[in-house]
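Take a look at the structure set out below.
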Amino acid sequence: MKENIFIKDIMTVIKAFIQRNPVLAYFILTVAISWGGVLLVIGGPSGILGIKEQFETLLPIVILVLLAGPSVAGVLLTGLVDGRAGLNKFRLRLFRWRVGARWYAVALLTTPLLMMAIYLALSHLSLEFLPGIFTADDKVSHLLMGLATGLMAGIFEELGWTGFAIPRLRQRYSVLTTGLIVGFLWAIWHILPALWLGFASGTINGTLSLISYLLDPFLFLVAFRMLMVWVYDRTGSLLVGMLMHVSLTGSARIFAPLGIVGVPLLIFDITWAAVMWAVVAVVALVNRGKDSNKLRNE
């Protein structure tokens, strides 16, 4: 009897914490599921260093358990915090597709156009920056793998980041602040799998390559997330947010030079970040004082 009362008290405390801090609860649950699952698959913290021979075998499983974090946390907490009404709104945002062709163009074309332009410009300095799709032996497989990876990441990650976290932060913060918060959380979430990927694939082989892998999520993702929040704020469409993420991840897998790490990776990331922050600045100036109130009322 006392045990049942104790469990009920714990559940009441947890529920109260989630209600007061839904985004923090989402991030904690996402990291617990994703990182916990990855560590179980790779054999604990010591497995972060990886075994190259096991890399190809473990990679699909690592991706699946990693993506379970934001998707499961997003849907589960939507139900816990907002109940059936919240899940219905979630479904409506997921299938909201009538948003205007220009938003699809922004979501799908921004990344590949800018990324290809940056890599081609940098390739004049060094052939190390030639896009991977140009140098891959099997271009069809390379393209299909990039598209498949993009679809998986875009669909499952955005069930949480755009499906749950962003609407709640927008009730309190501006588009830019919301994007900055989610962008940093998103980057932090990528650190553990990025380290395992680098060590297990053999691309991390020194201090500089390690630093490039640690900085990459922050330089590559934060400013872009701010653009994603702006697009979602204007469309209210989770589907368009997913497509924008698909475009980012797919383009990164398709265009990134094969085995890029160390100085070349840092040069690209810094260039990409500079371009993205410039785009964010332009968007902020053009839309100054025009923050949508739509998401505040959802």
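A short reminder: the numbers here are calculations on the coordinates, not readings from a lab. Please read all numbers here as calculations on a predicted model, not as lab measurements. Glycine also receives a Cβ, built like all others from the backbone with ideal geometry; neighbour counts cover every protein chain displayed.
Quote the relative contact order of region 2-297 in percent (integer), defining contacts as alpha-carbon pairs under 8 Å separated by 6+ residues.
That works out to 27 percent.
Could you calculate, for region 2-297, the ratio of the Cα radius of gyration to the Kirkwood radius, expressed as Rg to Rh? List each step's numbers first, then the result.
Values: Rg = 19.8 Å, Rh = 20.1 Å.
Computed over Cα atoms, the ratio is 0.98.
Return the single residue from Leu197, Leu176, Leu24 with maximal mean-square fluctuation; model: Gaussian network over the chain, springs between Cα atoms under 10 Å.
Leu24
Per-residue ellipticity at 222 nm for the chain, helices alone: DSSP H runs ≥ 4 residues times -39500 (n - 2.57), over residue total, nearest 500 deg cm²/dmol? Write out the running numbers ahead of the final one.
On the way: 11 runs with 229 residues, N = 298.
Value at 222 nm, helices only, nearest 500: -26500 deg cm²/dmol.
Just want the ordering: His124, His245, His190, from fewest to most Cβ atoms lying within 10 Å of their own Cβ.
Details: His124 8, His245 26, His190 18.
Fewest to most other Cβ atoms nearby, the residues stand as His124, His190, His245.
In which sequence would Ser247, Ser126 go, from the one with the fewest C-beta neighbours within 10 Å to the one with the most?
With the fewest neighbours first, Ser247, Ser126 line up as Ser126, Ser247.
Mind counting lysine pairs for me in the chain? Cα separation below 28 Å, and the two need to be 8 or more apart along the chain or on different chains.
Taking the chain as the scope, the lysine pair count is 6.
Order these by the 10 Å Cβ neighbour count, fewest first: Ser209, Ser123.
With the fewest neighbours first, Ser209, Ser123 line up as Ser123, Ser209.
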